[in-house]
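Have a look at the structure below, then the notes.
The values are calculated or read from the model by the stated rules, or taken from the named source; none is laboratory data. Since this is a predicted model, take the numbers as computed values, not measurements. Cβ: placed from backbone, ideal geometry, glycine included. Neighbour counts: every protein chain shown. For accessibility, only protein heavy atoms count, side chains too; no ligands or nucleic acids. Shrake-Rupley method; radii C 1.70, N 1.55, O 1.52, S 1.80 Å.
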Amino acid sequence: MKKIFIAITVALAIAIVLLIVNLDKKREVSKMNMAYDNINKFLLHTINSEKIQSLSLALAMSKNRAIADAILENDRAKGYRILHDTTDSFIKHLNRKYIYTQIFGRGLSVFARSWEANSSETAMVSGRRDLLEIVDTRSPKATIEDTPPAGIKASAPIIYGGHIIGILEVTTLFDRVVSKLREYRIETIPILKTNLPERLDIASGNPKISGYTIAANNYSRHLADTLASLDNEEFEELIHTDYLKKAGLFFAAYPINNDYGKHLGYFITVVSKENFDNFSGKQQSLIKSIFTMESTKEDIYHYVNSNSENIFRQMSPEQILHLSSSIEEKDRLLFDEAAKERLRALSKEELIDLIVHNFHKNRKQGRIK
């Protein structure tokens, strides 16, 4: 009888231990899924923002009469000078680092490039369905492509006399995405399936990782080495299950596809063990970033309503002032409730400092010349 009791006790203990281990595993998987989804929000926002900004530049340049004249005169040197000078101006005055521009002429032949003074007259671009779509629809388009230079490509038709005489393309390199995500403590390593040309300074001499090429220059060398150290089984796990924990780091893989379903590669993002919790369940720790990453009113609405509690309570006083004019009526009740509660907790001196600080912050500086 005693032996039976001991056996039952041992069996129950083992069952409890197994249950605890199983629950821990499920909890860890849930946290990794949440981290993957939250990082994806930052990645998608960054890519969409860069598409919009690049498309704005492409549209503006496509309407430059000097570019149309260069094409009509078949003056490729003039086209190069315009592209080179304009691109340099974007970099200098708009802080638009990591961009290249080029013009496609008839038959999608390369007419001029901002990075190449003497582009070949026989250079043609192939496999670009987005460019063919622009010719058919006469509408601008932004997508991701791996043709040189690889990156986010925004293109707009150059129209003269009611006819398309060319296409103006602005390419934003993946380095820009790496830089923007780094602001949120997310390191990014873009990898592409194709071999990138070594003539441009992008990805020149970059290492191979399991048959992929790193398509940026400002990636973390240390993290790239860690990624490269994964064996085939670990790399396949990362690609096919979306994420992997290794060496105290959380790796996540997001497919890079163009608008036509062609698979080009992956954005591999990496967050440290210390920063993992910020993306794996502690939603409050993300509130500042989400409210300051140029979110639209719809973004704010959907985020607030995806949480059971009034998430506006996590706002700082400065964020309350910043968001007050942007909140729609459907969010106004929750916002006002949280704002009143937050501001009532401030002393009179803190309220005065808040108002004065934001007054000076919003004043326009400088003189009109």
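So that you can scan it fast, the table gives a plain yes or no per residue for (1) among the β-branched types (Val, Ile, Thr); (2) farther than 22 Å from residue 63 by Cα; (3) in contact with a helix residue (DSSP H, G or I) (Cβ under 7 Å, 6 or more places away or on another chain):
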| position | (1), (2), (3) |
| --- | --- |
| 103 | yes, no, yes |
| 109 | no, no, no |
| 133 | no, no, no |
| 138 | no, no, no |
| 143 | yes, no, yes |
| 148 | no, yes, no |
Check: Is it the case that segment 128-151 has a residue that's farther than 28 Å from residue 265 by Cβ, part of a strand (DSSP E or B), in contact with a Lys or Arg (Cβ under 9 Å, 6 or more places away or on another chain) and open to solvent by less than 10 Å² (accessible area, probe 1.4 Å)?
Finding: no
Next item on the list: Would you be able to tell me the number of residues in segment 224-268 that are assigned to a helix (DSSP H, G or I) and of a type in the set (Val, Ile, Thr)?
Entry: 3
Notebook entry, point to check: Can you name the number of the only condition in (1) surrounded by 17 or more Cβ atoms within 10 Å (Cβ to Cβ); (2) in contact with a helix residue (DSSP H, G or I) (Cβ under 8 Å, 6 or more places away or on another chain); (3) at pLDDT below 95 that residue 64 fails?
Noted result: (1)
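In the list 150, 203, which residue meets the criterion of being at pLDDT 90 or above and either within 24 Å of the chain's Cα centre (by Cα) or aliphatic (A, V, I, L, M) (or both)?
Details: 203 fails: at pLDDT 90 or above.
Only one candidate passes the filter, namely 150.
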Next item on the list: Go through 273, 288, 246, 262 for me and flag whichever is basic (Lys, Arg) and at pLDDT 90 or above.
Entry: 262
Item checked: In segment 35-44, the residues that are crowded, with 20+ Cβ neighbours inside 10 Å and out of contact with any Leu (no Cβ under 7 Å at 6 or more places or on another chain) -> 35, 39
Check: What number of residues within segment 91-127 satisfy the criterion of being charged (D, E, K, R) and open to solvent by 50 Å² or more (accessible area, probe 1.4 Å)?
Finding: 4
Next item on the list: Given the conditions (1) open to solvent by 10 Å² or more (accessible area, probe 1.4 Å); (2) closer than 30 Å to residue 218 by Cβ; (3) among the hydroxyl-bearing types (Ser, Thr, Tyr), report the number of the one that residue 160 does not fulfil.
Entry: (2)
Next item on the list: Can you run down the residue pairs with Cβ atoms below 8 Å, 6 or more apart or on separate chains, where the first is in segment 236-256 and of a type in the set (Val, Ile, Thr) and the partner is surrounded by fewer than 17 Cβ atoms within 10 Å (Cβ to Cβ) and in a strand (DSSP E or B)?
Entry: 256/263
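Of all residues in segment 99-113 being assigned to a helix (DSSP H, G or I) and not basic (Lys, Arg), which is farthest from residue 176 (Cα to Cα)?
First, pick out the residues of segment 99-113 that are assigned to a helix (DSSP H, G or I): 106-108.
This time we only want the ones that are not basic (Lys, Arg), so: 107-108.
Values: 107: 30, 108: 27 Å.
Restricting to residues being assigned to a helix (DSSP H, G or I) and not basic (Lys, Arg), the top hit is 107.
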